[in-house]
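These notes concern the structure reproduced below.
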């Protein structure tokens, strides 16, 4: 392996380890009161959602709401389905893999997330309500963001083209 390849591999590993070390805890009142699934449009600024960690609490679909009650998730699931927008990329933890990819901010609340890359860990356990590939599919089909109360909403489409809204709560550091 040549010198430049070794440096690239070491930088990539440092990036993964650095992302792994960033974690937050849930806001104290969120899990006790259940998810706040507001549909109020309060766009805010994109800078309001960047450089902070978010935890998925629900996916609203046309005919159902998939809820992730963070208080009842077992220890192996309490750090899954997270999201973070940095100035140049989006990243987080799916179930169980870490992911990252580019995003492009459009006019107003429009946003486009690019192809996600990630680690290749085998999922020994996955939550029954939402699978990793479904979560990543929603992210890659995201076209709009919104702030509703303190929650971040990402508007997406599922594989059949039906509307889906991913609802995240902010982590408290």
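Summary of computed values
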{"quantity": "Using a Förster distance of 35 Å, the FRET efficiency for residue 117-residue 158 (Cβ separation, nearest 0.05)", "calculated": "0.95"}
{"quantity": "Relative packing of peptides 166-172, 142-148 - highest average C-beta neighbours within 10 Å first", "calculated": "166-172, 142-148"}
{"quantity": "Peptides 99-106, 49-56 ordered by average Cβ neighbours within 10 Å, highest first", "calculated": "49-56, 99-106"}
{"quantity": "log₁₀ of I(q)/I(0) at q = 0.14, 0.19, 0.23, 0.24 Å⁻¹ - the stretch 92-173, Debye sum with one point per alpha carbon", "calculated": "-0.51, -0.94, -1.27, -1.33"}
{"quantity": "Label point distance in nm, residue 144-residue 110, each placed 7 Å from Cα along Cα→Cβ", "calculated": "1.2 nm"}
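Readers should treat all values here as calculations from the given coordinates under stated rules, not as data from a laboratory. These numbers were taken from a predicted model, which means no experiment stands behind them. Ideal geometry is used to build each Cβ from the backbone, glycine not excepted, and the neighbour counts take in all protein chains shown.
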